[in-house]
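*Asks:* Please see the structure below; I have some questions.
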Amino acid sequence: MNELIQKAKSLLESNTVQVVIGYGKGSADKTRAIFLTKPEDCDQLLFDSRCVQNLAVYLTKHEIKHLGKPAIVAPIPVLRSILQLAAENQLKESDLVVLGVSPESKLIEFESFGAIEVFLETHKIEIDEKYKATIDKIKAMPVSERFAFWMEELEPCFKCYACRAACPLCYCPKCTVENNQPQWIPAASHLLGNLEWHVMRAMHLAGRCTDCEACYTACPMGIPIHLLTKSMLQDVEEHFGPYGPSVGKQNTLSSFNPDDKESFIR
Amino acid sequence: MTEFEPKIVAFVCNWCTYAGADLTGTSRIKYAQNVKIIRFPCTGRIDFMLLLKAFGEGADGIIVSGCHPNDCHYTSGNFHARRRWIMFRGLLDLLGIDVRRIQYSWVSAAEGAKWADVVNTTVTAIRELGPYTDYAKVANYLEKEANV
């Protein structure tokens with residue numbers, strides 16, 4: 001990790017960036033996001049298997065933007081989110097310095113978003129077999145049993161919106177849930193509102209989600225909401241071909257193909 | 001006991017299906033009265049949340065209908081809508097919301113008879129499925145609490 005610390009220091013010293021977003025020591029044995037503005041603080045940076053938070057979420061927050069140009073510590077899920085944000089015109093290459101971290105915890109420097117894309121070619125999004133099995137098991141249930149299963153899973157949700165706050169792609173300044181004319185999603189936490197919120201969240205991420213699981217990790221009640229986005233990712237691949245964030249590509253639901261196939265429209 | 005009469009909400013586009021439904025009437029074709037039609041500028045405007053709201057307000061079935069592919073008044077609205085429906089249907093199915101209760105169709109302004117057929121077959125199908133009690137139980141959370 002010395003390389004990363006040295007690099008962060010030199011970037012701050014040369015004033016190439018004004019803030020380094022990385023992982024540092026949190027409470028107990030946890031890690032947390034840290035924002036370094038002074039070269040001498042860079043020794044606090046660390047990287048290990050506990051660093052699962054998706055730091056890309058901070059790139060679009062105005063509190064962080066206001067600190068100046070950032071350098072960001074970016075393991076693979078963060079790299080994917082950066083590409084997706086760039087594809088949605090939320091980031092420019094000149095906006096940030098990407099300090100990539102390979103699966104072997106080696107520092108990789110990227111000259112451009114194109115270079116990130118080339119790197120990710122060899123690290124494609126793959127849904128874990130155990131999740132595939134769970135999704136298949138849920139889909140095999142009879143329809144009312146499936147509904148009852150999800151109602152039980154969604155019941156503990158109290159709409160803290162941590163899933164939204166943790167997601168790098170939920171960057172709308174005003175979310176649909178904050179809309180009250182009309183009130184699309186009831187604010188109280190009851191089953192109908194919970195269901196509508198999670199359907200809406202999943203639909204707004206359809207064809208955009210990069211499968212970082214930040215939403216599930218952030219959920220204080222451990223609701224398996226990542227299964228919804230994972231299943232949609234499978235659907236995107238099944239209907240619209242291989243999927244992965246790419247700067248030049250339009251989102252699945254903002255584009256179309258006249259030859260899209262379905263079997264349910266008469 | 002009277003027979004169950006399904007409540008069906010139809011979300012249709014202004015240019016094709018609404019005109020098609022109009023033609024059904026002017027052609028004096030009789031069809032089931034269970035359907036309440038809501039007119040939209042385009043199928044691309046039919047937000048997925050509206051479908052959930054319809055179920056939440058007590059609909060037993062939903063029809064979503066618009067222009068055939070390549071016939072959209074706005075060129076590509078129905079192509080976008082089609083992608084959205086494909087994704088939405090997959091999500092609803094995973095969540096255990098009964099996708100058999102949502103009928104999607106393309107009905108052009110010239111297909112008055114097809115509209116009557118779409119409505120009739122949907123009404124028959126929903127009548128067989130019965131009232132959508134699973135969703136109603138969730139939607140009527142206030143009544144449930146009042147009864148406790």
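We did not get these values from a lab; they are worked out from the coordinates using the rules stated. What you are looking at is a predicted structure, and each value in this text was computed from that prediction instead of being measured. Here Cβ is always computed from backbone atoms with ideal geometry, including for glycine, and neighbour counts include all displayed protein chains.
*Asks:* Identify all residues within segment B:93-122 that are assigned to a helix (DSSP H, G or I) and surrounded by fewer than 21 Cβ atoms within 10 Å (Cβ to Cβ); write none if there are none. Reasoning before the result, please.
*Replies:* To start, the set of residues in segment B:93-122 that are assigned to a helix (DSSP H, G or I) comprises B:93-95, B:99-101, B:112-122.
Those that are assigned to a helix (DSSP H, G or I) and surrounded by fewer than 21 Cβ atoms within 10 Å (Cβ to Cβ): B:Asp93, B:Val99, B:Arg100, B:Ala113, B:Lys114, B:Asp117, B:Asn120, B:Thr121.
One line per residue, one yes/no per condition, for (1) more than 22 Å from A:Gly248 (Cβ to Cβ); (2) in contact with a strand residue (DSSP E or B) (Cβ under 7 Å, 6 or more places away or on another chain):
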| position | (1), (2) |
| --- | --- |
| A:Leu91 | no, no |
| A:Gly100 | no, yes |
| A:Glu117 | no, no |
| A:Asp128 | yes, no |
| A:Asp136 | yes, no |
| A:Met141 | yes, no |
| A:Trp150 | yes, no |
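*Asks:* Collect the residues in segment A:252-266 that are part of a loop (DSSP other than H, G, I, E, B), polar (S, T, N, Q) and surrounded by 14 or more Cβ atoms within 10 Å (Cβ to Cβ), keeping them in residue-number order. Explain how you work it out, then say what you get.
*Replies:* Step one: filter segment A:252-266 for residues part of a loop (DSSP other than H, G, I, E, B), giving A:255-264, A:266.
Still in the list and also polar (S, T, N, Q): A:255, A:257, A:263.
Residue satisfying the conditions is A:Ser255 alone.
*Asks:* Could you list, in sequence order, all residues of segment B:10-35 that are assigned to a helix (DSSP H, G or I), of a type in the set (Ser, Thr, Tyr) and farther than 14 Å from B:Ser105 by Cα? Walk me through how you get there before you give the answer.
*Replies:* Just the residues of segment B:10-35 that are assigned to a helix (DSSP H, G or I), to begin with: B:17-26.
Add one more test, that the residue is of a type in the set (Ser, Thr, Tyr), and what stays is B:17-18, B:24, B:26.
Of everything in segment B:10-35, those that are assigned to a helix (DSSP H, G or I), of a type in the set (Ser, Thr, Tyr) and farther than 14 Å from B:Ser105 by Cα turn out to be B:Thr24, B:Thr26.
*Asks:* Scan (1) assigned to a loop (DSSP other than H, G, I, E, B); (2) of a type outside the set (A, V, I, L, M); (3) more than 30 Å from A:Arg32 (Cβ to Cβ) for the single condition A:Glu237 breaks and write down its number.
*Replies:* With respect to (1) assigned to a loop (DSSP other than H, G, I, E, B); (2) of a type outside the set (A, V, I, L, M); (3) more than 30 Å from A:Arg32 (Cβ to Cβ), A:Glu237 is out only on (1).
*Asks:* I want to confirm something. Restricting to segment A:195-209 and keeping residues that are more than 9 Å from chain B (Cβ to nearest Cβ) and touching a Leu at 6+ places or on another chain (Cβ under 7 Å), which single residue is surrounded by the fewest Cβ atoms within 10 Å (Cβ to Cβ)?
*Replies:* Once the filter is applied, the top-ranked residue is A:Leu205.
*Asks:* Name the residue that is surrounded by the fewest Cβ atoms within 10 Å (Cβ to Cβ), counting only residues in segment A:210-240 that are more than 11 Å from every other protein chain (Cβ to nearest Cβ) and closer than 24 Å to A:Lys261 by Cα.
*Replies:* Going through the qualifying residues, I end up with A:Glu237.
*Asks:* Right, something else. When only residues in segment B:36-61 that are in contact (Cβ under 8 Å) with a residue 60 or more places away in the chain and not acidic (Asp, Glu) count, which is nearest to B:Ala109 (Cα to Cα)?
*Replies:* My answer is B:Gly61.
*Asks:* Give segment B:60-92 a look and list any residue that's part of a helix (DSSP H, G or I) and out of contact with any Phe, Trp or Tyr (no Cβ under 8 Å at 6 or more places or on another chain), or say none.
*Replies:* Of segment B:60-92, the ones part of a helix (DSSP H, G or I) are B:77-92.
Listed by number, the residues that qualify are B:Gly77, B:Ala81, B:Ile86, B:Met87, B:Gly90, B:Leu91, B:Leu92.
*Asks:* Take the residues in segment A:38-94 that are in a loop (DSSP other than H, G, I, E, B) and among the aliphatic types (A, V, I, L, M); name whichever of them is nearest to A:Gln18 (Cα to Cα).
*Replies:* Taking the candidates together, the pick is A:Leu67.
Here is a yes/no grid of residues against (1) within 30 Å of A:Leu228 (Cα to Cα); (2) touching a residue at least 60 places away in the same chain (Cβ under 8 Å):
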residue	(1), (2)
B:Ile63	yes, no
B:Gly66	yes, no
B:Asn70	no, no
B:Leu129	yes, yes
B:Tyr135	yes, yes
